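Just below is one structure, and these are the notes that go with it.
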Amino acid sequence: MKKWLISTIAAAIALLASTALADGSITLSPDGSKSTDASVRIDGQTVTITQAGTYQIAGTLGDGALIVESGENAKITLVLGGVSIKNSTGAAIQIATADDVTIELAEGTTNVLQSGEEVDIAVATESEEASGGALQSKVDLKIKGKGSLTVLGYLNNGIHCTKDLKIKNGNISVTALGHGIKGKNSVTVSGGTVTVTSGKDGITSDETENEEKGFVTIENGEIIITSAGDGVSAETTLTVTGGVISIISGGGSANAQQKTDNMRGWWDFDNSASDDNSASCKGLKAGKALVISGGSITIDAQDDALHTDGDMTISGGECILSTGDDGAHAALSLTVLDGKITVLTSYEGLEANQITLAGGELDITASDDGINANGGSDGFSGGFGGGFGGGRGGMGGSFSGRRNDTNNQNGDMTPPDNSNMQTPPDGNAPSGNPPTMPGQDAADSTTTDDTTDKQPVLLITGGKITVNADGDGLDSNGDLRVEGGDITINGPANGGNGALDIGTENGGVGFISGGTLIALGASSMAENFGSTSTQCVFLVTMNSFGAGETITITDSQGNVLYTGVTVKSANSVVFSSADLVVGETYTVTIGSNSATVTQSSTVVGNSNGFGGGFGRH
């Protein structure tokens, strides 16, 4: 009993010693630092804090370090009130042991932490000897305050925490040869102004062994990132609920590898091999889930602007995206419930295996497909199907009438002109495996059973959607289902793609039951919805019309069902509205061209594409 009591008392004394508060001040100086706390060890330009407490710190170390080595239960606050620490060989502040540490930036003060000698991060390489960052912590770290902190990581990372990192507020500027800000377990930004320039990722969390860690959360604040790698990356979940975020990654979209439309000629492929070792240069990237419910996000990315190897959900906020590849890419599902998404430039606007658009406002510009449900992985999909020829889905019906066509004195509606379609040599499809497709990147080729087991689906139930695509406007390698929404598709002017592309070659169906849709494009690959549709829809082919012409659709009484302005040349129109009824006749007028359509059935106008053929993606 006595031995047990003695050991218990000894343990209690040790615990008290490790958590004893030792509030004091530390004045840093290359000529000899001083502290009002006797527990602070000073050895030349190395200052070590050994006990819990709050420390007021000011001064300069020309080549030294501030170290925290306290008990594992110690809670420590470092109040930086005008600190400048440079360490030529390692971290300026090294937090080795404690329970957690808070760095408070005193109001009105400027603080600088530097590791290594100044280098050009665009050309320099990371130090093999040094690890971590200029501000390095092996325990939970919180940064807050009304002052400023400049972190210069010329050896590797800027701020590096192996546990949970939280930035509450403050004006924080990071320049780093490696990652700008890294919290291995997690990073949470809830306020302040954070500016990062980095040779790798701007902000990252990369814990792989604990599925509950490896996340990044942005709740508020202003974040400005210029990164050679990803802007913000999370091994598991990346969540944005607020804040103002601006990212330029990999030099921006102008720095992307040039891509070409793989279907404009039989072998017009961009078959330049991608470098498997090349850096990932995405805007926001998540391993498992990307969730955006608020905030203002502006991204200019060499690669995808928004990317996840899992699911993406956007339910609020505003995203303005410029990208050399996809505006938003999800390997599994992409769901838009609300918010505003503007894709200023992209190869493909939205891409995923399962796409659901239920609300919000989307304005997408793409050099290839606008919205593409293709299996979720970047690159070629759909295969070569069952050969050329055959219908691509859609339903017949009848249309008749007259248009202002000086070359057709009878004014009859004519079948789509397929003369601009290229035919394969000798009438045979190319043999062998297709080349690597533009946009296909080994770093983005992650697939799971979830992606391979589900047929692609593009489902639209609401929202205002505008697409301007040089490839397919709406493209699904499976079903294309429209149940609501206000949809305007400005499809391709060329004959190799269509405003709508339904994966009938894969057993997919086109179905429309609600909403208002108008899709303009080239007639040679024009495609209509299928016979199971419950809302009236028609496809009509006209003389070619150019950009800037007024398009009007009226019924036989002259009531206007739709009016708009064309943005490029085309010669086919698909239109569906709840105002269409079977038995009515409608007039489509574009500039000086007009055509009449009799809605003889729910679906009028045949598709004229390849059908179960080439498998456009």
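The values are calculated or read from the model by the stated rules, or taken from the named source; none is laboratory data. For clarity, every value in this text was computed on a predicted model and none was experimentally measured. We place every Cβ from the backbone using ideal geometry, glycine too, and count neighbours over all the protein chains shown.
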Lone unmet requirement of (1) touching a residue at least 60 places away in the same chain (Cβ under 8 Å); (2) closer than 19 Å to Lys464 by Cα for Gly294: (1)
Matching residues, the stretch 595-617, being hydroxyl-bearing (Ser, Thr, Tyr) and either at pLDDT below 95 or within 18 Å of Phe529 (Cα to Cα) (or both): Thr598, Ser600, Ser601, Thr602, Ser607
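Val196: in contact with a Gly (Cβ under 6 Å, 6 or more places away or on another chain) and surrounded by 23 or more Cβ atoms within 10 Å (Cβ to Cβ), yes or no?
yes
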Flag for Asp63 being surrounded by fewer than 18 Cβ atoms within 10 Å (Cβ to Cβ) and touching a Pro at 6+ places or on another chain (Cβ under 9 Å): yes
Complete set of residues in the stretch 451-477 that are surrounded by fewer than 24 Cβ atoms within 10 Å (Cβ to Cβ) and not in a strand (DSSP E or B): Thr451, Thr452, Asp453, Lys454, Gln455, Thr461, Gly462, Gly463, Asp470
Residue in the stretch 549-566 that is under 37 Å from the mean Cα position of the chain (by Cα) and either at pLDDT below 95 or part of a loop (DSSP other than H, G, I, E, B) (or both) present: yes
Qualifying position, being assigned to a strand (DSSP E or B) and hydrophobic (A, V, I, L, M, F, W, C), among Ile121, Ile67: Ile67
Residue count for the stretch 315-331, restricted to those that are of a type outside the set (Val, Ile, Thr) and surrounded by fewer than 21 Cβ atoms within 10 Å (Cβ to Cβ): 3
